[in-house]
Structure formats: C-alpha cells, structure tokens
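The values are calculated or read from the model by the stated rules, or taken from the named source; none is laboratory data. Every value quoted in this text rests on a predicted model; they were computed, and no experiment measured them. Here Cβ is always computed from backbone atoms with ideal geometry, including for glycine, and neighbour counts include all displayed protein chains.
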Amino acid sequence: MRLGLLFLLLGFLPLSAQNAQLAGMQQDLADLRTEVEKLKLENADLRAALARQKAGQGQSASTNDAVAKARAEILNEVDRRLKQQTDDVNAALAELTRQVNAALGKSGAASGAKTAKATPQAAEPSEGAPSDQPLTGAKYRVKPGDTVTKIALRHGSKVEWILKANNLSSPAALKADVDIFVPQPETAGR
C-alpha cells in the first residue's frame, strides 16, 4: 500500500511543475498588461499635450509646428510599441490558454483526486444552467487576490460554472471575504 501511495505522489510531481510554470507565465502576462496600460496612459498624455500645442498657447506658429512634429513622431513610436506589446500579450495569452487546456486535459484524473478532499455539497440547480455543469462542489471563501480563473484551476472547476452557480455577471464581480459555491464534477473514486 505504501508503494502505491509513493507512485501516486510521484504522479503529481509533473502536475505541480506545470502549475508552477503556468503561474510564472501568468505573472509574465500580468507584467505585460501593466506595461501596455502604462503605454496607453503615456500615449493619452502625449496626445493631450499635442492638442494643447496645436491650440497655440502663446508660442509662434513655427515653434508649434516643430513641437507638433516632434510629438507626432513620439506618438507614432508609442503607438508602434503599444501595438507590439499588445501583440505580445495576445500571443502570451494564447500560449497560456493552450498550456492550461493541455494541463487540464492531461490532469483530469489527477485533479479529481486532488479535489476529493473538498467536501461535496449539492447545489440548487439554476435555471438555464449548462447541462454539463455539475450539481456538486464545495463552498469556498474568496481570499484577497483570488480570481475566478485561479479558483477554477485550484478546484478542478470551470470559470463559467462558478459564474453561473454564484450569479456573477463577470469575473470582475468576485469579491474577497465572500463564500461562493465552486461546482466540481463527481469522480468515480468517491
């Protein structure tokens, strides 16, 4: 029996390595999004400054033209960098989605065993619930920094299921220090 437990634990090692890699990629993606937001703000500031310059706030026309051209060049460069970073974020997001889907596909049985320690509870079937949404799951208290995606990955659930089960209009509606219901599929091992 100990040998069986040892093999079971060894089976979870690659899954934890994948989860660590996914967490790293999610952090990189968050950093890219932050940088994109900074560039958007810089772009807006430059556009506002350019508009003020064009209004001719006490400077000569030739100086305004020179400044306007310089700022237009800066705006073009910011736009180019913003587009490049947006493309990078989209590519990273697509890769992360592919890896999450691959990890969830490979770890279907493993995540069932991992969530078996959560106490199953019956949920009230909601009207219009997807037919594949499980009626069992666990109660979970949302912690600061939690996202619907993190909770779904941690509990072997799906974002859509959590949103529907808790009548959340969007993932942004999730609030910390609130108990939610996390639907989880029943496993054969229970």
Yes/no for V148 being touching a residue at least 12 places away in the same chain (Cβ under 8 Å) and within 23 Å of Q26 (Cα to Cα): yes
- prompt: Name the pairs whose Cβ atoms lie under 8 Å apart, with the first residue in region 73-84 and within 10 Å of L46 (Cα to Cα), the second of a type in the set (S, T, N, Q), and 6 or more positions between them or separate chains?
  reply: L75/N43; V78/N43
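To keep it simple, each residue is scored yes or no on (1) modelled with pLDDT under 90; (2) not assigned by TED's automatic domain parsing to the domain that holds W161.
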residue	(1), (2)
N64	yes, yes
E73	no, yes
A92	yes, yes
Q121	yes, no
S126	yes, no
D132	yes, no
